[in-house]
Each structure stands twice: as C-alpha cells, then as structure tokens.
1. 222 nm [θ] for the chain, helices only, -39500 (n - 2.57) per DSSP H run of 4+, per residue, to 500?
2. Count the DSSP beta bridges whose two residues both fall in the chain, then state the antiparallel fraction as a percent rounded to the nearest 5.
3. Only four residue types carry charge here, +1 at the Cβ of Lys and Arg and -1 at the Cβ of Asp and Glu. Report the dipole size of the range 37-95 about the Cα centre in Debye, rounded to the nearest 20.
4. Any idea what the dipole of the chain comes to, in debye rounded to 20, about its Cα centre with Lys/Arg Cβ at +1 and Asp/Glu Cβ at -1?
5. Of all alpha-carbon pairs in the chain, indicate the percentage at a distance above 34 angstrom.
6. Counting every Cα pair in the range 158-246, what percent are over 18 Å apart?
7. Helices from the chain with mean Kyte-Doolittle at least 0.0 and a Cα length along the axis of 24 Å or more, per DSSP H: which?
8. So if R0 is 35 Å, what FRET efficiency would E27 and I239 give, r being the distance between their Cβ atoms, rounded to the nearest 0.05?
Amino acid sequence: MERFPGKLSIIMPAYNEGVRIHSSIQETLGTAEGFGCDYEIIVVDDGSEDHTYKEILRATSSSDKLKVVRYDSNIGKGFALLQGFKHATGDTVVFIDADLDIHPGQIRILFDYMRIYEADVVIGSKKHPQSEVYYPWHRRVTSNVYYLVVKTLFNLPVKDTQTGLKLFRYEPLAKVMSKILVKRFAFDLEVLVNLHRIGCRIVSAPVILKFVRRFGRISYRDVYHTALDTLAIFYRLRIIKYYDRH
Ligand SMILES: Nc1nc2c(ncn2[C@@H]2O[C@H](COP(=O)(O)OP(=O)(O)OP(=O)(O)O)[C@@H](O)[C@H]2O)c(=O)[nH]1
Ligand SMILES: [Mg+2]
C-alpha cells in the first residue's frame, strides 16, 4: 500500500455533535494513525449549544494531533471549514463531516484516486457507480434536483458537490479559500467552482455512506438558503466576474 506523501490535515466541522463527537474523533485518530504519515485533525466547533466543546476537550487530552477551533456564535459549516483551514499545515487537506456517515478509512480511497488520476481535488460522490449509499428517498430527490441546477448553471465535471468527504492538494485550495463568501452549505460548490475556474483537475471517488441520524437535520430553510447562495455564486462568477477581480 502506498504511503501518504507529506502531512495530512483533516478538518472536521462540528455543530451540536455532543453525542458522537468524542467517538468520531477517536475513530478518526485511530484511522489516521494507520495511514503511516504525519497528520493533524482540526475540529471546529461553531457555537454548538450542547456539550460538543466539552467532549472535544475530553478527546484532546489523549492526543497531541488534535487542534481545536471554537467561537461563540453559529455561522455555518462553510465558515467553520474556512476557519479550520487557517490552522492547516498539511500538504493535503481533508474535509470530513463529524457525524461519520462516511468512515474516515475512505480517505485512503480518495488518496489513491488523487495519485492514479493526478488530481488536485478528489471528492466523495454519492453518484459514483461504485458508491453504496444508505439514505432516505427525499434526500435523494433533493440531491438529484440540486445536481440538475448545478449542471445547468456551472457545467462542473462532477455529479455531487455535497458529500461530506473531500481531499485537496493544499496549494490550489489555499488560492481559492480567500475568495469564498458562502458561509453555509453552498460553500462546497463555491470552492469547487473556483478550483475548476483556475484549472484544477477534480475527480469523483466512490463512498460508502450510512446515514447515522434518525432524522436528517437539513431543513427547508437550509434548502432555501442553499438555493439563494447557489444563485449568488452564479451571479459572482458569470455576471459581475467577482472571482476574476479578487
Ligand atoms: N461547525 C459547524 N459545523 C456544522 C454546521 N452545520 C453542520 N455542521 C457539521 O457539518 C457536518 C455536516 O452537517 P450535517 O448536519 O450532518 O449535514 P448533512 O450530512 O448534509 O445532513 P444529515 O443528513 O442530517 O446528517 C456535520 O459534521 C455537522 O456537525 C455549522 O453550522 N457549523
Ligand atoms: Mg450528516
């Protein structure tokens, strides 16, 4: 098995994950240890109202590989990733959801894809033919509709921008992070659109995704805001050429 080249930074945004964040961190630490490379895990608690922060601190006492970022008000998953990224010192960077719907062991598959396809970015994709996804039908519908919108507006070479596991080479990601304005769920799209814009090679990889929450947390309000943010990205990209100027 190939070793990871250089250092890996794993960024894990967490909002009200008190029930599982300790075990998610332990699981990710154990998995990353097995990769045989230098690594760090950066957990970002974005104003959680439950005991997430206490649980993160309990996990930090057992490892010096953990960095914790915390602030008081909840701003959004995208903003949390952005804050976490400011502390990243790796050659490659992973974004992974803290609920571990996708197990961190799958980072290795993304890494293999990066190497084989000489990609700058590898994203986990629910739409990859080899993916195994266990999640409710209404989420599939939302995901398909969103794909059609994204395809029409941006013509990105990917079928699923929203899955919670992504691997980036540090340099291109650093180039685009300073331009990102979206704070919540369309953040992933804004990052990918910008990486595509600067000529990065983006490849999709299969994932095994098991929905851990009994009830999903994505509300109609989130869908509405994601739609608005998506249109705003289109406006900035194609109409006012914001990303070219900044
Ligand atoms: N820091 C931070 N993390 C967030 C925020 N919203 C979601 N997250 C985290 O981002 C990851 C994905 O969010 P989820 O709520 O699981 O979104 P999802 O996977 O699309 O939805 P579910 O299917 O309900 O799990 C999880 O690790 C969350 O804890 C936020 O506002 N701030
Ligand atoms: Mg989730």
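1. After summing the helix terms and dividing by residue count, I get -12000 deg cm²/dmol.
2. Details: 9 of 34 bridges.
So the antiparallel bridges amount to about 25 percent of the total.
3. Details: 7 positive and 10 negative charges, 9 e Å.
Here the range 37-95 has a charge dipole of around 40 debye.
4. On the way: 35 positive and 28 negative charges, 167 e Å.
About 800 debye.
5. Working: 3000 of 30135 pairs.
Roughly 10 percent, once rounded to a whole number.
6. Numbers: 1973 of 3916 pairs.
Roughly 50 percent, once rounded to a whole number.
7. Values: long enough: 137-154 (25 Å, 0.11).
The qualifying helices are 137-154.
8. Details: r = 44 Å, r/R0 = 1.25.
Efficiency at R0 = 35 Å is approximately 0.20.
Quick note: the coordinates plus some simple rules give every number you see, no bench work behind them. Keep in mind the model is a prediction, meaning the values are calculated, not measured. Cβ coordinates were reconstructed from backbone atoms using ideal geometry, including for glycine residues, and neighbour counts include every protein chain displayed.
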